[in-house]
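Remarks on the structure that follows.
The values are calculated or read from the model by the stated rules, or taken from the named source; none is laboratory data. Since this is a predicted model, take the numbers as computed values, not measurements. Cβ coordinates were reconstructed from backbone atoms using ideal geometry, including for glycine residues, and neighbour counts include every protein chain displayed.
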Amino acid sequence: MLTPAWYLTDGDYFGELPKVAQMDTVEAAISAIAQLFSDEGEFSPTQTAAATYMALLAAEHLNDEMTYNARRHSLIELAQLAHGLNLLLAHLTQTIQKLAEHADKRTFPGLADLPTETVKTVIDSLCAAGASGEVCAGRLKEAHLTLRSAAK
């Protein structure tokens, strides 16, 4: 779950989706994904790998769609995409920041066995990535809010 932060946009992303995005096939896919990643029990490394794989597939699709079919999307859809990307980047940013915290606490098995300088480099890199993610998410927030105002 996202922690509220300055770089998050407002609004209910899922509630604002058009009805066309709630077709039976989309609902079935979302249901299957939700079942795979239910809140019951702990997540396994396999579920984490599956989530990463699905996120990569989705990102690849978005990149292809915006590369080859951008003219098919309205200003409203562009605003929704900016909103969704803001939320996605916020999740990734907070995940990166949690990785940095766990690295600093040596939570991951084997991390305590690495040289201190190696661990410090990992922590510094993750902290920098987290800070950069906040800035990027903030820019997506600005884009979303501007597009939302312009699309009215």
Quiz prompt | Single match in T121, T46 (criterion: farther than 20 Å from A34 by Cα and of a type in the set (S, T, Y)) | solution = T121
Practice problem: Six or more apart or on different chains, Cβ under 6 Å: which pairs go from a residue in segment 136-152 that's more than 13 Å from D10 (Cα to Cα) to one that's of a type in the set (S, T, N, Q) and surrounded by fewer than 20 Cβ atoms within 10 Å (Cβ to Cβ)? Could you list them? | Solution: none
Quiz item: Somewhere in segment 18-25, is a residue modelled with pLDDT under 90, under 22 Å from A143 (Cβ atoms) and in a loop (DSSP other than H, G, I, E, B)?
Solution: yes
Practice problem: Tell me, please, whether a residue that is of a type in the set (D, E), in a helix (DSSP H, G or I) and in contact with a helix residue (DSSP H, G or I) (Cβ under 7 Å, 6 or more places away or on another chain) can be found in segment 101-115. | Solution: yes
Quiz prompt | Those residues of segment 119-152 which are exposed (fewer than 14 other Cβ atoms within 10 Å of the Cβ) and touching a Leu at 6+ places or on another chain (Cβ under 9 Å), in sequence order | solution = A150, A151
Exercise. Scan segment 63-84 for residues that are in a helix (DSSP H, G or I), farther than 20 Å from Y13 by Cβ and out of contact with any Leu (no Cβ under 9 Å at 6 or more places or on another chain) and report the count.
Key: 5
Quiz item: Filter segment 100-122 for residues that are under 22 Å from P45 (Cβ atoms) and among the β-branched types (V, I, T); which is nearest to the chain's Cα centre (by Cα)?
Solution: V122
Quiz item: When the residues of segment 65-108 are filtered to those that are farther than 21 Å from G130 by Cβ and of a type in the set (V, I, T), which remaining residue is modelled with the lowest pLDDT?
Solution: T67
Quiz item: Within segment 26-62, how many residues turn out to be over 19 Å from the mean Cα position of the chain (by Cα) and not in a helix (DSSP H, G or I)?
Solution: 4
Quiz item: Among the residues of segment 111-121, is any over 23 Å from T52 (Cα atoms) and of a type in the set (D, E)?
Solution: yes
Practice problem: Could you tell me whether L111 is at pLDDT 85 or above, surrounded by 14 or more Cβ atoms within 10 Å (Cβ to Cβ) and closer than 24 Å to W6 by Cβ? | Solution: no
